[in-house]
1. Put +1 on the Cβ of every Lys and Arg and -1 on every Asp and Glu Cβ in region 2-211; which of 201, 191, 170 then has its Cα farthest towards the positive end of the dipole?
2. When only Cα pairs under 8 Å and 6 or more residues apart are kept, what is the percent relative contact order across the chain?
3. Let me spell out the model: positive unit charges on the Cβ of Lys and Arg, negative unit charges on the Cβ of Asp and Glu, origin at the Cα centre of the chain. What dipole size does that give, in debye rounded to 20?
4. Out of 28, 123, 107, whose Cα points farthest toward the positive end of the dipole of the chain (charges: +1 Lys, Arg; -1 Asp, Glu; placed on Cβ)?
5. Give me the dipole magnitude in Debye, nearest 20, for region 59-112 about the Cα centre, with unit charges on the beta carbon: positive for Lys and Arg, negative for Asp and Glu.
6. Over the chain, what percent of the accessible surface lies on carbon and sulfur atoms, probe 1.4 Å?
7. Based only on Cα atoms, what Rg/Rh ratio does the chain have, Rh being taken as Kirkwood's radius?
8. Would you mind giving the average projected area, over all directions, of the Cα convex hull of region 47-86 in nm² with one decimal?
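The values are calculated or read from the model by the stated rules, or taken from the named source; none is laboratory data. Computed from a prediction, not measured in an experiment: that's the story for all the values here. Cβ: placed from backbone, ideal geometry, glycine included. Neighbour counts: every protein chain shown. Heads up: the accessible areas ignore ligands, DNA and RNA and are worked out on the full protein's heavy atoms, side chains in. Shrake-Rupley method; radii C 1.70, N 1.55, O 1.52, S 1.80 Å.
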Amino acid sequence: MSDLFAVQVRGRSTALGPQACVLHGHALPFAEALLAGIDTVTAAAPLRHLVTPGGHVMQVAMTNCGRFGWCSDRRGYRYDPVDPQAGRPWPAFPPVFLALAGEAAAAAGFSGYRPDACLVNRYAPGTRLSLHQDRDEDDRVAPIVSVSLGLPATFLFGGFARGDKTVRVPLLHGDVVVWGGVDRMRFHGVLPVPPGVHPDTGGYRLNLTFRKVR
Ligand code: SIN
Ligand code: FE2
């Protein structure tokens, strides 16, 4: 509990690899606008629990905005320009999403970042995301920009094989993790989110994952 409301210092960064880092507190000035943007997105494309190809219901609730949305069902994983639940395109990026993603990518050494997809993840306490690689994108070099909001969590950052050693990275409200280039295909995941209440998100952790698909 002790660091649940820890005050973040913006500007500090921690290297996780040659082209991977945590930008501590980088999203703090954008947090309120990002949360308003998430409300707009989820009003048009509600959060939902997707089914994996193996038939398991995912613990993390998800939705998307941007040109492509990440989808999973019994047929497999894919990017779809249409929200299959609504039968219409995903909501556009709220402008602040692009501003933050571009700024964070640049701060991590990736200038000119133009993501075309943003996955919105919502974690209730106890929810985890098992170790995986992001491999459904055509572009395997452009960075992933991953923004944490609300309840803190522990991010696992590994190597290029599932069994490789992982480091545990505490992520607080406003932290941004960026990994691209030679680090783009690293395994990563999230440990079960501890229970808590955050002043800005209540009983949830929210995550925005920006990617360049095409
Ligand atoms: C993801 O890998 O899609 C999400 C990571 C996170 O929630 O921090
Ligand atoms: Fe991922």
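1. 191
2. Values: 525 pairs, mean separation 53.2, N = 214.
It rounds to 25 percent for the chain.
3. Approximately 460 debye in magnitude.
4. 123
5. Values: 5 positive and 4 negative charges, 44 e Å.
Here the size comes out at about 220 debye.
6. 56 percent
7. With Rh from the inverse mean 1/r over Cα pairs, Rg/Rh is 0.93.
8. Numbers: hull surface 10.5 nm².
Convex hull of Cα atoms, orientation-averaged projection: 2.6 nm².
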